[in-house]
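Worksheet for the structure shown next.
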Amino acid sequence: MKTNKLYIVPILLTLFLVSCRDAFEIESIDFQNSLVVEATITNELKKHVIKLSRTYELNLETQISEDNATVTVEASDGNTYNFTSLGESIYQSELEFQAMPNVTYSLNIITADGERFQSSSSVLASTSEITELYGELTLNDRGEEGVQFYIDSENQDNSTGYFRYEYEETYQVVAPFYYPFTALLTDYFDAFNDVPGPIPNLEAFYNVTIVPRSQEEGICYSSNQQKGIIVTTTNNLTNDNVVKFPIRFINKENAVLRDRYSIKVRQYGQSIESYTYYETLDNLGNVDNILSQSQPGFVFGNINSLSNPSINVIGFFDVSSISEKRIFVDYADFDIPQPDYLYECDVRILEFNDNTVNDGDRNERIAIYVLLTRFMDENSNYEIAAPPTPNTNGTWTLVNPECGNCTSVSSNIRPDFWID
């Protein structure tokens, strides 16, 4: 059975026609094993990264990497920048470089089987700086109350009217029942005692040592990448400034706002061709991966096959100016109640001295052992939520790992950029 896919062919516009766009022609053809290119170079001085992969059919889920290709970026000033394959679709420039004004750049690819691809020439868009990144408590289109993050940006020479945005959010995960000590249980054994009655008296014995935790497990950090595409244009405005453009809405009950939250926004100044490409992808459904190999159609960009003009390529070689900004906020900044924790907390209070089942109840000493060691996995075992009282032979308070040890659900590595 053949799988049909939609292919969308954009008619790229010249810079002289910045105020209008022609309609896209849509045609349906059979699935093809096509090259997928994710390539953006910017005015940042760094080692740039390009990703190459292959399309796959909708009934498959594994991305097919395109490794061992020869990848170069050629500049009109005579420089050529070579990229080295790092495996798993990743190519990194051998040297640090940055896109410069008034220089055109083109991408060249020779795959391992000899196919040759080349992009059209692109020039760096003028820089537009993000001047403000801020959040306000508001209602969204669905009537939900939450924090809407906006950006303002200012174009210094009024020549950049097309923008794409990416954001990354990072937030603290503070375990609500964290206790800085843990229990080591050793030398376990149990025995059946022959006693009258239908329920055997199973007793358990083991040694308990309370020790400090060996690492930070109370405060962790999680990050999420943006899903979908965010683009805008100031082409229809009296100036090229972006004012109060919405980037990210967070419902006031979302747990990412419970402790400390940070968002970083990157603004890409684009050409009209690049803007049209990403806007078309957005109109197709705002797919999670902007170059998804399983997207419902192909959106042709500015990369073509030199070996065979009938070979289709997904992707766009973009040369963009970059501006970025980061802010930190707390839920109290917006005068909202503290959101609930990300996970439900299961708190168990057990008696260590309850070491039989003769009372018709479980043997709580065994329950303590099972909860603390059942999986022999720090991401699955329950945690001590408070010191056993009055001592290890007394009352134990235990909690599921998500609520007592944040490393079971997040990372305890504090980001270099983090500010408390």
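The values are calculated or read from the model by the stated rules, or taken from the named source; none is laboratory data. Fair warning: this is a prediction, and the values are worked out from it, not measured in the lab. Ideal geometry is used to build each Cβ from the backbone, glycine not excepted, and the neighbour counts take in all protein chains shown. Please note that ligands, DNA and RNA were not included when accessible areas were found on the heavy atoms of the full protein model with its side chains. Shrake-Rupley method; radii C 1.70, N 1.55, O 1.52, S 1.80 Å.
Take the residues in region 65-87 that are farther than 12 Å from L107 by Cβ and among the acidic types (D, E); name whichever of them is surrounded by the fewest Cβ atoms within 10 Å (Cβ to Cβ).
The selected residue is D77.
So which residues in region 377-394 are within 22 Å of D354 (Cβ to Cβ), hydroxyl-bearing (S, T, Y) and assigned to a loop (DSSP other than H, G, I, E, B)?
Matches in region 377-394: Y382, T392.
Taking the condition of being open to solvent by 20 Å² or more (accessible area, probe 1.4 Å) and assigned to a loop (DSSP other than H, G, I, E, B), how many residues in region 362-376 meet it?
So the count comes out to 4.
Would you check which residues across region 395-420 are closer than 30 Å to A367 by Cβ and not in a strand (DSSP E or B) and list them? First the steps, then the outcome.
Taking region 395-420 first, the residues closer than 30 Å to A367 by Cβ are 395-410, 412.
Answer for region 395-420, where residues must be closer than 30 Å to A367 by Cβ and not in a strand (DSSP E or B): N400, P401, E402, C403, G404, N405, C406, T407, S408, V409, S410, N412.
Is there a residue in region 409-418 that is over 30 Å from N102 (Cα atoms) and either at pLDDT below 90 or buried (at least 20 other Cβ atoms within 10 Å of the Cβ) (or both)?
yes
Name, by its number, the condition in (1) open to solvent by 30 Å² or more (accessible area, probe 1.4 Å); (2) at pLDDT 95 or above that does not hold for V399.
(1)
Between residues in region 219-238 that are farther than 30 Å from P401 by Cβ and residues that are at pLDDT 85 or above and of a type in the set (D, E, K, R), which pairs lie under 6 Å by C-beta distance while being six or more apart or on different chains?
Matching pairs, first to second residue: V231/R164; V231/E279.
So which strands (runs of 3 or more DSSP E) stay within region 126-180 end to end and still have 1 or more residues that are at pLDDT 95 or above, open to solvent by 10 Å² or more (accessible area, probe 1.4 Å) and in contact with a helix residue (DSSP H, G or I) (Cβ under 6 Å, 6 or more places away or on another chain)?
Of the strands (runs of 3 or more DSSP E) lying wholly inside region 126-180, those with at least 1 residues that are at pLDDT 95 or above, open to solvent by 10 Å² or more (accessible area, probe 1.4 Å) and in contact with a helix residue (DSSP H, G or I) (Cβ under 6 Å, 6 or more places away or on another chain) span 128-139, 162-174.
Which of the residues that make up region 308-342 are surrounded by 15 or more Cβ atoms within 10 Å (Cβ to Cβ) and among the polar types (S, T, N, Q)?
The answer is N312, S320, S321, S323.
Within region 343-361, restricting attention to residues that are modelled with pLDDT under 95 and either of a type in the set (S, T, N, Q) or under 26 Å from the mean Cα position of the chain (by Cα) (or both), which residue is surrounded by the fewest Cβ atoms within 10 Å (Cβ to Cβ)?
Of everything passing the filter in region 343-361, N353 is surrounded by the fewest Cβ atoms within 10 Å (Cβ to Cβ).
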